[in-house]
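The values are calculated or read from the model by the stated rules, or taken from the named source; none is laboratory data. All values derive from a computational prediction rather than experimental measurement. Counting neighbours? That spans all protein chains shown, and the Cβs are built from the backbone with ideal geometry, glycine included.
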Amino acid sequence: MALEIYNSLTKQIEKFTPIEENKVKYYSCGPTVYDTAHIGNFRAYITVDILKRTLSFLGYNVDHVMNLTDVDDKTIKRSIVENTSLKDITEKYTSIFFEDLDSLNLIRANDYTKATDYIDQMIDMISTLLDKGFAYKTDDGSVYFDISSYKDYGQLTNVDMSQMLANAQNRIKSDEYEKEQVEDFALWKSYDKDDGDVFWDSPFGKGRPGWHIECSAMAKAKLGETIDIHSGGVDNKFPHHENEIAQSECANGVKFANYFLHNEHILVDNKKMSKSLGNFYRLEDVSSMVSDILAFKYLVLTTHYRKQLNFTKDSLLAADNTLTNLKKHIREIYTEEKGSAIASYMSSFKEALESDLNTSLALAKMWDMIKDTAHTSADRYATLMEMDKVLGLRLDHIKPENIEVSQDIIDLAESRLEAKKNKNYEQADVFRDKIKELGYEILDLPDDKYKIIKP
Ligand SMILES: [Zn+2]
C-alpha cells in the first residue's frame, strides 16, 4: 500500500504522488499572532504534525513551511486595543505559540515565515496580477482581485457561480467574510487612519497587504510555484484558501497545490466553541485539567481528522486515564535489553496511517501490540518506540522510576513469592493486596523474579 489522502480539491481519496520523488513541499497555514491559540487551532497543528511524521515515517523528506500572520485586520486591531506596537503584540503571541507547540511535542516547521518579511514579494505578485488583468485599482489606492476574471474561482468550496456573478461588481475589504458574501477581495488595502503606523509604500500607494496574498507570496518564495500539499483547518477553506488558489494560479500560470487537506472543527459539549458561550478553551485551560497535556493530543488522535471532534471534560479525562494506563504498560515492559520492532504490527500500524491518516486505528494496533504477550517485552518496547515516532506522545521519556521500597514491602513481596512457589495462590493474592494498599504494585517477571513499582 502507499499513502492515500483525501484531497479537498477533487473531493476524493487519492494516492499521494509528490512532484519530486521522496520529497514533499508542504505549506500549512499558521497562526495569526494576535492572541493565544485555542484548542481548535491546535487540532489543526496536531493534524499537521501527524501528516508530517507519517510522511517522514514513509521515507519522504518533508520541507514544511508555516506562516506567522503578523499583519492583518486582527493583529492591527489588537495592537490598538492594547495600545502597543504591532511588533510587540505579534512577538508576544509568537513566543506563546512556540511554547504551546513544544508542550504538545509538535515537530517544528523547517521555516516559519513572518508576513512582514515578505512585503516585497506580495507587492510583486499583486503587480503581476494587475499586469495580467486579474486585478484592478480603486480610486482610494486599494487593489482588488477580479473574481470574474478567473473561471475556476470557487473550485474548493463550490461557490455558487450565479451569486458570484451577481456580486461581481461588489468589493470586500475585510480579510474574513462569509461564503454568501463572495465578492472581489482586497490584495492591497490603502492606508486607513485606523492602521496607525502600520503601512508600507508600494507602486499602488501607501497601505498594507490583504491576508490572503500573504500566504500565496510566502508559499511561492519558500517552496516554488507548485507545491505538493497545502493544509489548514476547515474554516480556512473559504475565503482564505479559495483566494490563495485564485491569486497564485493567476499570477504564476500553473497549479498552486496538488493536494489540499482540511481538518474538521472541534465542538465543545456538541456546540461550536465560542467565548460568548463560555465554552472556549486554550491549551493552558486544558493543561490544568489533566496530569499530562499530551492527553489532549491523544484525544485528538482518537478521532479521524476529517470528523468533528466533540470535546468534553469527560472525554479529556478519559484520554488522560488512557495515557496514564499506557505509561503503566510501558513501565512494565521497559527493559534495557535491545529488542527489534515486530514486523506484523509495524505493517498494520503503517497501513492504518496510509489510509488517509487513520490515527484511531493506528492507536488500536498499538494497544493490540503492547498487550500481546506472545512477543518479548524487549520487542514490544522496540515496536512502541518506532510507533511513537509518528504518534509523538513522548513515550521514550517513560522509564520505571527508581523507587525506594521499604523493607516491609520487600518482606511482603518475598512472602508472596514463597506462597506462589508453594502454589498457595490465595495467600499470594492476600500479600499482593497488602502491597497494593501500601501504594505499590508487583509485576511478575520470568524465572520467579518480580519488580515492585509505584503505579
Ligand atoms: Zn494561509
Note to self: Restricting to segment 177-207, and then to whatever is loosely packed, with under 15 Cβ neighbours inside 10 Å and touching an Asp or Glu at 6+ places or on another chain (Cβ under 9 Å), can you tell me which residue is modelled with the highest pLDDT?
What the structure shows: 177
Note to self: Here is a list: 76, 80, 46. Which entry is among the aliphatic types (A, V, I, L, M) and modelled with pLDDT of 95 or more?
What the structure shows: 46
Check: So which residues in segment 413-446 are free of Cβ contacts under 8 Å to residues at least 24 places away in the same chain, of a type in the set (A, V, I, L, M) and surrounded by 18 or more Cβ atoms within 10 Å (Cβ to Cβ), if there are any at all?
Finding: 419, 428
Check: For segment 318-359, what are the residues that are polar (S, T, N, Q), over 15 Å from residue 380 (Cα atoms) and out of contact with any helix residue (DSSP H, G or I) (no Cβ under 7 Å at 6 or more places or on another chain)?
Finding: 321, 324, 325, 355
Notebook entry, point to check: Which pairs have Cβ atoms under 6 Å, sit 6 or more apart or on different chains, and link a residue in segment 56-78 that is farther than 30 Å from residue 387 by Cβ and assigned by TED's automatic domain parsing to the domain that holds residue 101 to one that is assigned to a helix (DSSP H, G or I) and of a type in the set (Lys, Arg)?
Noted result: none
Note to self: Name the single residue that is surrounded by the fewest Cβ atoms within 10 Å (Cβ to Cβ) among those in segment 242-272 being within 15 Å of the ligand (Cβ to nearest atom) and under 17 Å from residue 40 (Cβ atoms).
What the structure shows: 262
Check: Of (1) within 23 Å of the chain's Cα centre (by Cα); (2) surrounded by fewer than 16 Cβ atoms within 10 Å (Cβ to Cβ); (3) of a type in the set (Lys, Arg), residue 350 satisfies all except one. Which?
Finding: (2)
Margin query: Tell me whether segment 407-421 contains one or more residues that are outside the structural domain of residue 334 (by TED's automatic domain parsing) and not in a helix (DSSP H, G or I).
Written below: no
Margin query: Restricting to segment 31-75, name every residue that is within 10 Å of the chain's Cα centre (by Cα) and within 14 Å of the ligand (Cβ to nearest atom).
Written below: 41, 44, 45, 48
Next item on the list: Return the residue satisfying two criteria in turn: it lies in segment 353-378 and is within 27 Å of the chain's Cα centre (by Cα) and of a type in the set (Gly, Ala, Ser), and of such residues it is surrounded by the most Cβ atoms within 10 Å (Cβ to Cβ).
Entry: 362
Notebook entry, point to check: Considering only residues of segment 207-232 that are among the basic types (Lys, Arg) and closer than 22 Å to residue 146 by Cβ, which is nearest to the ligand (Cβ to nearest atom)?
Noted result: 220
Item checked: Test: residue 241 is at pLDDT 95 or above and closer than 26 Å to residue 51 by Cα -> yes
Next item on the list: Hey, can you tell me all the residues within segment 287-303 that are over 18 Å from residue 50 (Cβ atoms) and buried (at least 18 other Cβ atoms within 10 Å of the Cβ)?
Entry: 290
Notebook entry, point to check: Given the residues 26, 45, 93, 6, which is the only one that is outside the structural domain of residue 207 (by TED's automatic domain parsing) and buried (at least 16 other Cβ atoms within 10 Å of the Cβ)?
Noted result: 6
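Please enumerate the residues belonging to segment 273-286 that are surrounded by fewer than 16 Cβ atoms within 10 Å (Cβ to Cβ) and either within 13 Å of the ligand (Cβ to nearest atom) or not basic (Lys, Arg) (or both).
274, 276, 277, 278, 280, 284, 285
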Margin query: So, residue 235, is that one within 22 Å of residue 68 (Cα to Cα), in the same structural domain as residue 38 (by TED's automatic domain parsing) and away from the ligand (no atom under 16 Å from the Cβ) or not?
Written below: no
Notebook entry, point to check: in a loop (DSSP other than H, G, I, E, B), buried (at least 16 other Cβ atoms within 10 Å of the Cβ) and more than 16 Å from the ligand (Cβ to nearest atom), is that true of residue 106?
Noted result: yes
Note to self: Residues that are modelled with pLDDT of 95 or more, of a type outside the set (S, T, N, Q), assigned to a loop (DSSP other than H, G, I, E, B) and within 16 Å of the ligand (Cβ to nearest atom): does segment 92-103 have at least one?
What the structure shows: no
Check: Any idea which of (1) exposed (fewer than 13 other Cβ atoms within 10 Å of the Cβ); (2) over 31 Å from the mean Cα position of the chain (by Cα); (3) not aromatic (Phe, Trp, Tyr) is the one residue 397 doesn't satisfy?
Finding: (2)
Item checked: Breaking point among (1) over 29 Å from residue 89 (Cβ atoms); (2) over 30 Å from the mean Cα position of the chain (by Cα); (3) touching a residue at least 24 places away in the same chain (Cβ under 8 Å), for residue 269 -> (2)
Checklist line | Residues being more than 16 Å from the ligand (Cβ to nearest atom) and touching a helix residue (DSSP H, G or I) at 6+ places or on another chain (Cβ under 6 Å) - total across segment 5-30 | finding: 1
